[in-house]
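Structure, as structure tokens:
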Amino acid sequence: MKKTFLLAFLLTIVSISFGQNTRLHLYTGYAFDDDVDSYYDANNYYKGTIRGNFMWGGGIEFMPHKYTGLEISYLRMDTDAPMTYYSGGVKNKTFNVGINNIMIGGNRYFPTASSKFEPYVGGMMGLTVFSIKNSDAGTGKTATKFGYGVKMGANRSEEHTSELQSRQYLV
């Protein structure tokens, strides 16, 4: 995690030194429930739901062109996942889950008649790190997977110093 923040800091310094427009973003949102299952064979399976919860994060966006942005972002969600699984018999357990998304993406902004309204679309890809903890046994596992997403929204600014953003993510 330290490397991610160090990289973001260094990229900010480089961006400022080259005079590019840089934007810092803070994200909050809600992720909905998602069903998961895996059936390797009759003696090795799990099925359950990753419950929806509050998601937060941040990003830094570099604007090499007026209508193009390159962004490095981090999104985090802590939730739980009730599961039915087989391990020497059928068992039910709720696991604690942390989901970290570390993404690189691009945004395309569209000009409008008003300079106060800026719609955009974008895509992103990177790593999704799942941290699963079993509070009863005091154990846990981590899995890193390829992550991707699309986004769309609009920026609305009253002054050039502040913006209100509406972003929708599919991660």
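Observations on the model:
- Output for the range 105-138, where each listed residue is at pLDDT 90 or above, open to solvent by 80 Å² or more (accessible area, probe 1.4 Å) and either polar (S, T, N, Q) or within 15 Å of residue 59 (Cβ to Cβ) (or both): 125, 127
- Boolean, residue 85 is open to solvent by 60 Å² or more (accessible area, probe 1.4 Å), modelled with pLDDT under 95 and either of a type in the set (Lys, Arg) or part of a strand (DSSP E or B) (or both): no
- Flag for residue 76 being within 17 Å of residue 100 (Cα to Cα), open to solvent by less than 70 Å² (accessible area, probe 1.4 Å), basic (Lys, Arg) and in contact (Cβ under 8 Å) with a residue 24 or more places away in the chain: yes
A quick yes/no check of all residues on (1) in a loop (DSSP other than H, G, I, E, B); (2) within 24 Å of the chain's Cα centre (by Cα); (3) without any contact (Cβ under 8 Å) to a residue 40 or more places away in the chain:
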{"site": "105", "(1), (2), (3)": "no, yes, no"}
{"site": "111", "(1), (2), (3)": "yes, no, no"}
{"site": "121", "(1), (2), (3)": "no, yes, yes"}
{"site": "126", "(1), (2), (3)": "no, yes, yes"}
{"site": "131", "(1), (2), (3)": "no, yes, yes"}
{"site": "137", "(1), (2), (3)": "yes, no, yes"}
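- Index of the failed condition, residue 141 passing every other in (1) within 27 Å of residue 37 (Cβ to Cβ); (2) loosely packed, with under 15 Cβ neighbours inside 10 Å; (3) at pLDDT below 90; (4) not polar (S, T, N, Q): (3)
- Candidates 4, 68: the one that is polar (S, T, N, Q), surrounded by fewer than 16 Cβ atoms within 10 Å (Cβ to Cβ), within 21 Å of residue 107 (Cα to Cα) and at pLDDT below 85 is 4.
- If the condition is being small (Gly, Ala, Ser) and part of a strand (DSSP E or B), then the range 49-76 contributes 57, 58, 59, 69, 73.
- Scanning the range 34-48 for residues that are in a strand (DSSP E or B) and open to solvent by 40 Å² or more (accessible area, probe 1.4 Å) gives 34, 35, 37, 39, 40, 41, 44, 45, 46, 47.
The values are calculated or read from the model by the stated rules, or taken from the named source; none is laboratory data. It should be emphasised that the depicted structure is a prediction, and the values quoted were computed from it without experimental measurement. Ideal geometry is used to build each Cβ from the backbone, glycine not excepted, and the neighbour counts take in all protein chains shown. Only protein heavy atoms, including side chains, enter the accessible area calculation; ligands, DNA and RNA are left aside. Shrake-Rupley method; radii C 1.70, N 1.55, O 1.52, S 1.80 Å.
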